[in-house]
Amino acid sequence: FPVDKIRNFSIIAHIDHGKSTLADRLLEMTGAIAKTDKNKQVLDKLQVERERGITVKAQTASLFYSHHGQQYLLNLIDTPGHVDFSYEVSRSISACQGVLLIVDANQGIQAQTVANFYLAFEAQLAIIPVINKIDLRNADPERVESQIEKVFDIPREECIRISAKLGTNVETVLKAVVDRIPPPLACPNDPFKALVFDSCFDHYRGVVTNVALFGGQVKKGDRIVSAHHSKTYEVNELGLLRPDEHPTQRLYAGQVGYIIAGMKDVKEAQIGDTLHLQDQPVEALPGFKPAKAMVFAGMYPMDQSEYPGLRSAIERLTLNDSSVTVQRDSSLALGAGWRLGFLGLLHMEVFNQRLEQEHNASVIVTAPTVPYKAILSSAKLIKEHGSEEITIVNPAQFPDRGVVSEYLEPVVLGTILTPDSYTGKIMSLCLVREARYPGIQAQNVFKETLLFFIFFSSLKSLEFLILHSFDYENAGYQTAELIKMDILLNGNPVEELATVVHRNRAYSTGKSMCERLKDTIPRQMFEIAVQAAIGSKIIARETIKAYRKNVLAKCYGGDITRKMKLLKKQAEGKKKMRLIGRVEVPKDAFINVLKRK
Ligand code: GDP
Ligand code: MG
């Protein structure tokens, strides 16, 4: 395929604005998939993606399209829509020359629209604004076009109005991809040079890398080298993604496709790595910043006998997701397990759901925590750790105030985009969450004013803010008054329920954790005291009353079926319980304990 007939593009949008639906239409119209009612988010392959309606892993598809009497090869690189995965958005963008920026005709520009726009803008990509869902009764494409003009400085005439659901005007989008996005700058006569922009693990064939060819060509049997770690591999298979793998003889400059070359682990296929031929070294492409784990949680098997099974499930899943960090860990209450690091809360939930769904593993996940830092004051400890500053990813190991001169917590720089009528409400929310605002920036857009709030906030508050039009980036660490709070069940501290809290919020958090546990732990044969403590001082207490009646007491006479039903129900309930001391604790109590009512 001649390079000037190739277009590489991504679709970017705020979540739910219609990326996946438009991708389905583009695939149908170019014949990559058949037209049926069943084409719901074809690129969203994972079960979690379908259930949650979010795209987790970027997917790629090569489409053939005729325009001006010429055949074009359009490479669509789908990107995830959630802030937790913005790292994946930037890696996909680096393989493209243009993007379709989708905006919902009813909702207009949202925070992630702005964040994604700047990613594309900074990468100097061609940006095609697409206004979607014009079929909605409340659609107001006029207003959205004005927003796009004001906020992004893109002339309104460039906007394409479509309904991805009905297919209205989608053809215009394909034409614009050909006409407005430049072909890749790649020369077939240069030495082979490819960017690894994604990778996944296949049980039978090893690592499948997704690559964009910046120069030359590659074929089966070629010996290729990773510029990152200088290992050599032989190409076993290569081809296009349409979106299923279509093996071909060769891949050429400008194309996007996959290569299988006997890599055993996704860590060998670093995202951002450059591949070249063994005898033709090239200058490596600029790589990406590695993803940084910002949320940590313990994961434990329901029963220690399930440890080996869970270990291999976690191994298989992390083979496919190099952004998850894994450390072995153990706790008195839950035995041997792991402490895993994730990009964000959603990333953690998705990982957990995939463990349970795809690997049939039953897992106890402990309350998530952010990585705290402490500056040690004890000379002995400094010597032990080899440095003054330590990072704590497990609250159970939070060092005592006595050996620490300062605690630090991570903060984010967040942007909220909102009409000015919400200003007061959001400002008071920020105040409650102890956010500071370095600035409020007004954007006069058509009839309403959109405000950008830029503020710093501790990461814990994110759970709430994610529900709103919100985007964030990490902004380092700040000093905080932190203390460790223990939770005791019948007087015994449960390590895995320990949390780190702000000193001035300890009382209210302790109280709500105890209340929450009282609601989650079922009544048992004896009374259970649930207590929150700071050091040896109890700051909150709830009591779970003993459960007197036997389940079977209700069954008079010999109603066997009813008796069986009750016993079965009780057994099912037990399966999800974990014995801690003498107390049966439901497996989701650990993660739910921090959720607000
Ligand atoms: P994504 O999160 O950006 O991938 O969004 P999806 O493609 O999953 O779409 C989110 C929701 O909007 C789904 O329920 C779609 O059916 C719906 N949707 C997408 N495009 C349109 C459209 O053109 N019109 C209408 N009415 N609904 C749409
Ligand atoms: Mg989607």
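Details
Conditions (1) modelled with pLDDT under 90; (2) of a type in the set (A, V, I, L, M, F, W, C), marked per residue:
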residue	(1), (2)
ILE154	no, yes
ARG161	no, no
LYS165	no, no
ASP198	yes, no
PHE201	yes, yes
LEU213	no, yes
GLY221	no, no
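- Within the stretch 327-360, the residues that satisfy the criterion of being acidic (Asp, Glu) and without any contact (Cβ under 8 Å) to a residue 60 or more places away in the chain are GLU349, GLU356.
- Here SER387 meets each of (1) assigned to a loop (DSSP other than H, G, I, E, B); (2) within 22 Å of PRO586 (Cα to Cα) with one exception, condition (2).
- Failed item, numbered, when ASP273 is tested on (1) open to solvent by 30 Å² or more (accessible area, probe 1.4 Å); (2) modelled with pLDDT under 85: (1)
- In the set THR248, THR232, only one residue is farther than 30 Å from LEU355 by Cβ and free of Cβ contacts under 8 Å to residues at least 24 places away in the same chain; that residue is THR248.
- Listing of strands (runs of 3 or more DSSP E) fully contained in the stretch 464-517 that carry 1 or more residues being over 30 Å from ALA115 (Cα atoms), at pLDDT below 90 and within 27 Å of the chain's Cα centre (by Cα): 499-502
- Any hit, the stretch 232-239, residues being surrounded by fewer than 19 Cβ atoms within 10 Å (Cβ to Cβ), within 29 Å of LEU63 (Cβ to Cβ) and charged (D, E, K, R): yes
- For the stretch 361-390, filtering for residues that are under 19 Å from SER405 (Cβ atoms), open to solvent by 30 Å² or more (accessible area, probe 1.4 Å) and touching a residue at least 60 places away in the same chain (Cβ under 8 Å) leaves 1.
- Answer residue from the stretch 120-171, given it is more than 14 Å from ligand 1 (Cβ to nearest atom) and polar (S, T, N, Q) and is most open to solvent (accessible area, probe 1.4 Å) among those: GLN124
- Positions within the stretch 297-326 being under 23 Å from VAL207 (Cα atoms) and of a type in the set (Asp, Glu), in sequence order: GLU315, ASP321
- The condition (being in contact with a Cys (Cβ under 9 Å, 6 or more places away or on another chain), among the β-branched types (Val, Ile, Thr), at pLDDT below 75 and surrounded by 14 or more Cβ atoms within 10 Å (Cβ to Cβ)) is satisfied by just one residue among ILE416, ILE440: ILE416.
- The stretch 214-226, residues that are under 25 Å from SER323 (Cβ atoms) and open to solvent by less than 40 Å² (accessible area, probe 1.4 Å): ILE224, VAL225, SER226
- Test result for VAL370, at pLDDT 75 or above and within 30 Å of LEU317 (Cβ to Cβ): yes
- Test: residue in the stretch 77-85 that is in a loop (DSSP other than H, G, I, E, B), at pLDDT 60 or above and within 20 Å of ALA126 (Cα to Cα): yes
- The set of residues from the stretch 13-59 being modelled with pLDDT under 90, within 13 Å of ligand 2 (Cβ to nearest atom) and aliphatic (A, V, I, L, M) comprises ALA13, ILE15, ALA23, VAL42, LEU43, LEU46, VAL48, ILE54, VAL56, ALA58.
- Hits in the stretch 194-209 - residues which are open to solvent by 10 Å² or more (accessible area, probe 1.4 Å) and over 16 Å from LYS267 (Cβ atoms): HIS203, TYR204, ARG205
- Checking each residue in the stretch 320-342 for being in a strand (DSSP E or B) and within 21 Å of MET294 (Cβ to Cβ) picks out THR325, VAL326, GLN327, ARG328, ASP329, GLY337, TRP338, ARG339, LEU340, GLY341, PHE342.
- Just one of the listed residues (THR543, THR561) is modelled with pLDDT of 60 or more, of a type in the set (Val, Ile, Thr) and assigned to a helix (DSSP H, G or I), namely THR561.
- Near pairs, Cβ below 6 angstrom, 6+ apart or cross-chain, from the stretch 5-25 (under 19 Å from GLY167 (Cβ atoms) and within 8 Å of ligand 1 (Cβ to nearest atom)) to any residue that is part of a loop (DSSP other than H, G, I, E, B) and hydrophobic (A, V, I, L, M, F, W, C): GLY18/ALA164; THR21/ALA164; LEU22/ALA164; ALA23/LEU43; ASP24/VAL42
- Test result for VAL151, in contact (Cβ under 8 Å) with a residue 60 or more places away in the chain, within 16 Å of ligand 2 (Cβ to nearest atom) and under 14 Å from VAL103 (Cα atoms): no
The values are calculated or read from the model by the stated rules, or taken from the named source; none is laboratory data. Quick caveat: nothing in here was measured; it's all calculated off a predicted structure. Virtual Cβ from ideal backbone geometry, glycine too; neighbours counted across all protein chains shown. In case anyone asks, the SASA skips ligands and DNA or RNA and just uses the protein heavy atoms, side chains included. Shrake-Rupley method; radii C 1.70, N 1.55, O 1.52, S 1.80 Å.
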